[in-house]
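The values are calculated or read from the model by the stated rules, or taken from the named source; none is laboratory data. Computed from a predicted structure; not experimentally measured. Every residue, glycine as well, gets a Cβ built from its backbone with ideal geometry; the counts of neighbours run over all protein chains shown.
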Amino acid sequence: MTSDELKRQAAWRAVGFVTDGMVLGLGHGSTSAFAVERIAERRRDGSLPGIVCIPCSKEVAQHAEGLGLPLTTLDAHPAIDLTIDGADEVDPAMDLIKGGGGALLREKIVADASEREIIIVDASKMSARLGTRFALPVEVVPFGWRVEAEALESLGAHVLRRGGDDPFLTDQRNYVLDCDFGPIESPAELATRLDARPGVVAHGLFVSLATDLVVASETGTQHFVRGSDLSEVIRR
């Protein structure tokens with residue numbers, strides 16, 4: 001089974017929790033794109049006529065609009081019923097590293113405004129400890145970005161500016177620093193230290209934001225809620 005097939009399975013399982021009339025957050029990334037397409041299919045078949053959607057990036061907005069999904073804003077709907085999004089790495093506490101696609105700030109704002117956030121992944125994204133398989137994205141303002149990079153290095157990270165000499169820019173026109181901390185002992189503690197940095201706009205540690213997790217593997221899809229035992233799907 002291909003990676004795309006697993007992603008599609010996870011996305012379709014999550015979209016099964018969508019009901020008519022919901023305000024939906026649409027996550028960014030290849031896995032979330034399958035969810036967006038499935039939501040659009042269900043709206044076309046008449047089962048979700050009253051939904052409205054808040055995209056987590058300009059790219060997602062274009063994709064959703066092209067599929068005919070009705071878009072709104074967080075200003076108009078500050079309370080989101082359900083967000084479906086992907087993740088780059090998930091640990092046993094259902095905490096996440098996100099931001100591989102560069103939409104981490106908007107994704108975190110949407111997640112924080114959501115009553116329920118379902119994270120959809122294939123089993124390769126499960127990890128015993130965050131940072132084992134994926135570097136942590138940190139969004140910083142361009143002004144003084146080297147100062148922030150040095151501060152991150154002082155915390156033990158190997159830091160690369162995404163895009164190098166032709167830097168990647170987020171929707172907010174900021175830089176992303178990919179920070180390899182190795183396995184992170186305390187994501188919550190590191191998140192607090194990063195939040196205190198003046199030039200850090202956002203970071204990819206999503207702590208206590210996911211309420212549900214759908215994991216797709218060769219044996220099928222599994223749904224978990226926060227507090228579940230994830231040991232059977234954690235890759236060592």
Here's a check for you: in the stretch 59-89, which residue that is of a type in the set (A, V, I, L, M) and under 16 Å from the mean Cα position of the chain (by Cα) is farthest from residue 189 (Cα to Cα)?
61
It is to be established whether one or more residues within the stretch 56-64 are assigned by TED's automatic domain parsing to the domain that holds residue 183, closer than 23 Å to residue 32 by Cα and not aromatic (Phe, Trp, Tyr).
no
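To keep it simple, each residue is scored yes or no on (1) β-branched (Val, Ile, Thr); (2) out of contact with any helix residue (DSSP H, G or I) (no Cβ under 9 Å at 6 or more places or on another chain); (3) assigned to a loop (DSSP other than H, G, I, E, B); (4) not assigned by TED's automatic domain parsing to the domain that holds residue 100.
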| position | (1), (2), (3), (4) |
| --- | --- |
| 179 | no, no, no, yes |
| 182 | no, yes, yes, yes |
| 185 | no, yes, yes, yes |
| 188 | no, yes, no, yes |
| 192 | yes, yes, no, yes |
| 202 | no, no, no, yes |
| 215 | yes, no, no, no |
| 232 | no, yes, no, yes |
Considering only helices (runs of 4 or more DSSP H) wholly within the stretch 1-114, the ones with at least 2 residues that are of a type in the set (A, V, I, L, M) and over 23 Å from residue 202 (Cα atoms) are 3-15, 30-44
Inspect all residues belonging to the stretch 90-101 and state whether any of them is more than 16 Å from the chain's Cα centre (by Cα) and at positive phi.
no
If you check 214, 159, 138, 147, which single one turns out to be more than 30 Å from residue 1 (Cα to Cα), under 19 Å from the mean Cα position of the chain (by Cα) and either surrounded by fewer than 14 Cβ atoms within 10 Å (Cβ to Cβ) or modelled with pLDDT of 95 or more (or both)?
138
